[in-house]
Amino acid sequence: CCLLIPESLLAQKKEQPDFKKLINRVRPSTVTIRVVGRDGDEIGLGSGFVVDASGLVATNFHVITEGRPFTVELPSGRQLPVLAIEASDRRGDLAIVRVDVGDQPIPALTLSDGEAPGQGTQVLAFGNPLGLRDSVVSGIVSAIRPINGRSMIQLAMPTQPGNSGGPLVDMDGN
């Protein structure tokens, strides 16, 4: 069996996303979160992202745990002193942390409009998988599934501990 494809279609190239440009835009807003134990040793590593240039950072609740000291660090290595946990939702696994940005505001990511991305949407995840700092991986949305009464995004991409809390962005950086 054969398929005849008109030459006009063969000549058309699909425009490929500019991953480097997108990564360079998102990376400065991605943070590393280190949780330390009572003895001062690191007991956890996760990620987060800036949602407001004045110093609001979103992460997963399980990244910061309860009552443990943690630090927030930009990809440049700049430490951002933690001022407060502004909000948290254990069931939703979300925490909003306020950090001191001093006189150097940090770029915030544009949040999506609340509508879940459709099946097949290409996405990038930023984080620190297995402690490998400032990593990025691409994948697609494989489905939107109800879990415990909430719509959750199922991904087809490799993620490991340390990616938790990092941003998942579409090809527009939302």
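Worth a mention:
- Under 5 Å between amide hydrogens, built in the peptide plane, is the criterion, and for residue 112 it picks out nothing among residues at least 5 positions away or on other chains.
- Additional length obtainable on full extension of the chain from residue 115 to residue 25, 0.36 nm per residue less Cα span: 30.2 nm
- Our estimate of slack between residue 87 and residue 172, defined as 0.36 nm per intervening residue step minus the Cα-Cα distance, is 27.9 nm.
- A crude spin-label estimate for the pair residue 36 and residue 104, with each label 7 Å from Cα along the Cβ direction, gives 2.0 nm.
- Highest-MSF residue in the chain out of 31, 72, 82 [GNM, Cα springs under 10 Å]: 82
- Rounded to whole Hz, the Karplus (6.51, -1.76, 1.60) HN-Hα couplings of the range 49-61, x for glycine and proline: 8, 6, 10, 8, 4, 6, x, 9, 10, 9, 7, 7, 4
- The 3J(HN,Hα) values that the Karplus relation (6.51, -1.76, 1.60; θ = phi - 60°) gives for the range 28-34 are, in residue order, x, 9, 9, 10, 9, 10, 10 Hz. Gly and Pro appear as x.
- What the phi angles of the range 35-46 give under the Karplus curve with 6.51, -1.76 and 1.60, with θ = phi - 60°, is a coupling list of 9, 10, x, 4, 8, x, 7, 5, 10, x, 9, x Hz, glycine and proline written as x.
- Net charge, residue 44 excluded, C-beta distance under 9 Å - Lys, Arg +1, Asp, Glu -1: +1
- Computed with a 1.4 Å probe over protein heavy atoms only, the accessible surface of the chain comes to 62 Å² per residue.
- Placing a label point 7 Å from the Cα of residue 18 along the Cα-to-Cβ direction, the residues of the range 127-170 whose backbone N falls under 18 Å from that point are 170.
- Spin-label pair residue 151-residue 132: with each label point 7 Å from Cα along the Cα-Cβ axis, the two points sit 3.2 nm from one another.
- Residues whose amide H lies under 5 Å from that of residue 162, counting only those 5 or more places away or on a different chain, are 130; hydrogens are built 1.01 Å from N in the peptide plane.
The values are calculated or read from the model by the stated rules, or taken from the named source; none is laboratory data. Computed from a prediction, not measured in an experiment: that's the story for all the values here. Note that we place each Cβ from the backbone using ideal geometry, even for glycine, and neighbour counts take in every protein chain shown. Accessible surface areas use protein heavy atoms only, side chains included; no ligands, DNA or RNA. Shrake-Rupley method; radii C 1.70, N 1.55, O 1.52, S 1.80 Å.
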